[in-house]
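The values are calculated or read from the model by the stated rules, or taken from the named source; none is laboratory data. Only a predicted model underlies this, so the values are computations on that prediction, with no experimental measurement involved. Cβ sites come from the backbone with ideal geometry, for glycine too, and all protein chains shown count toward neighbours. In case anyone asks, the SASA skips ligands and DNA or RNA and just uses the protein heavy atoms, side chains included. Shrake-Rupley method; radii C 1.70, N 1.55, O 1.52, S 1.80 Å.
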Amino acid sequence: MRVLLFGPPGAGKGTQASLLVKKYQLAHISTGNILREVIASGSDMGAIAKSYIDHGKLVPDAMIRTLTEEAIEQAGYNRFILDGYPRTVEQAQWLKLFLDNHEIDLSVIVSLKVPDEVIVSRLSKRRLHKITKENYHLEFNPPPQDIDPDLLTQRPDDRAEAIRKRLAIYHKKTKPVEDFYTDHPNYLRIDGTKSLEEVQEAIGAHMMSEAEAE
Ligand code: AP5
Ligand code: MG
């Protein structure tokens, strides 16, 4: 099962991927998480990545290509969820080339639809657990009460100015990537404004029907 979750910032890609990973034993390849780990390592590459991410800009295509291809290789090419890649048309072309070279294809492509105004409200109330990296929302997905509040942080790119920038870049550079997939037989649009559980159910149903077809 090779899954691609596509959608704007705050669409719920990470939240849904975390649930699917537990249910279907897939590797979660989140390019945002990979980049945040590179930043935390204190490397030169991390410092470069941080200068883009904190301002809501995309990191250079070539940097993310290598990191993603290595992650797919580590996952054994077969059981993974891509969350946050591809995000430019160039990245989509590279992914196609990479999959073709390994004689595989995406088995499930899900596009989560969420309008901008919902995204702003979601991201401004998102909290990230420093250790588990679990995502919460103060209203819709509240952290368990026994969690130490000092361990809950806000991402630097969830500040209002960075959110606006990320949305603008999404519309300009990432949205066109969807055209790459709309004719794919395994592509499905899902209303991402529904509850966490309803979205999970819709993705799960699509995954089951594609698994049966495989
Ligand atoms: P990344 O970390 O991937 O950020 P993003 O795509 O902007 O998406 P988010 O993680 O903000 O949102 P999400 O869709 O995962 O939503 P979540 O589940 O958290 O990337 C960060 C940065 O890294 C990029 O800006 C870029 O700089 C760089 N980068 C990454 N990949 C790159 C690439 N390929 N090329 C170049 N640069 C790259 O949900 C959001 C909130 O809503 C949470 O609080 C959650 O609890 C809540 N929520 C989720 N679902 C629901 C629901 N159904 N109802 C109510 N609330 C919900
Ligand atoms: Mg995410």
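If you check Leu196, Leu188 for being under 26 Å from Ile104 (Cα atoms), surrounded by 13 or more Cβ atoms within 10 Å (Cβ to Cβ) and in contact with a helix residue (DSSP H, G or I) (Cβ under 8 Å, 6 or more places away or on another chain), only one passes: Leu188. Residues satisfying the criterion are present in the stretch 26-34 (criterion: touching a strand residue (DSSP E or B) at 6+ places or on another chain (Cβ under 7 Å), open to solvent by 40 Å² or more (accessible area, probe 1.4 Å), within 14 Å of ligand 2 (Cβ to nearest atom) and over 21 Å from Gln154 (Cβ atoms)).
If the condition is being within 16 Å of ligand 2 (Cβ to nearest atom) and under 14 Å from Tyr24 (Cβ atoms), then the stretch 191-205 contributes Gln200, Ile203.
Meeting the requirement of 3 or more residues that are among the small types (Gly, Ala, Ser), the helices (runs of 4 or more DSSP H) wholly within the stretch 1-104 are 13-24, 44-53.
What about Pro115, is it open to solvent by 50 Å² or more (accessible area, probe 1.4 Å) and under 15 Å from Lys13 (Cα atoms)? The answer is yes for Pro115.
Leu112 fulfils the conditions (1) among the hydrophobic types (A, V, I, L, M, F, W, C); (2) in contact with a Phe, Trp or Tyr (Cβ under 9 Å, 6 or more places away or on another chain); (3) modelled with pLDDT under 95 except for a single criterion, (3).
The set of residues in the stretch 35-44 that are open to solvent by less than 60 Å² (accessible area, probe 1.4 Å) and closer than 25 Å to Leu167 by Cβ comprises Leu35, Val38, Ile39.
Residue by residue, here is whether (1) at pLDDT below 95; (2) open to solvent by 50 Å² or more (accessible area, probe 1.4 Å) holds:
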{"residue": "Gly46", "(1), (2)": "no, no"}
{"residue": "Asp54", "(1), (2)": "yes, no"}
{"residue": "Val59", "(1), (2)": "no, no"}
{"residue": "Met63", "(1), (2)": "yes, no"}
{"residue": "Ile72", "(1), (2)": "no, no"}
{"residue": "Gly84", "(1), (2)": "no, no"}
{"residue": "Lys96", "(1), (2)": "no, yes"}
{"residue": "Ile119", "(1), (2)": "no, no"}
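Taking the stated definitions as given, is Asp179 open to solvent by 60 Å² or more (accessible area, probe 1.4 Å) and either hydrophobic (A, V, I, L, M, F, W, C) or part of a loop (DSSP other than H, G, I, E, B) (or both)? No: the conditions fail for Asp179.
Residues of the stretch 121-140 include none that is more than 16 Å from ligand 2 (Cβ to nearest atom), open to solvent by 70 Å² or more (accessible area, probe 1.4 Å) and either within 26 Å of Met1 (Cβ to Cβ) or assigned to a helix (DSSP H, G or I) (or both).
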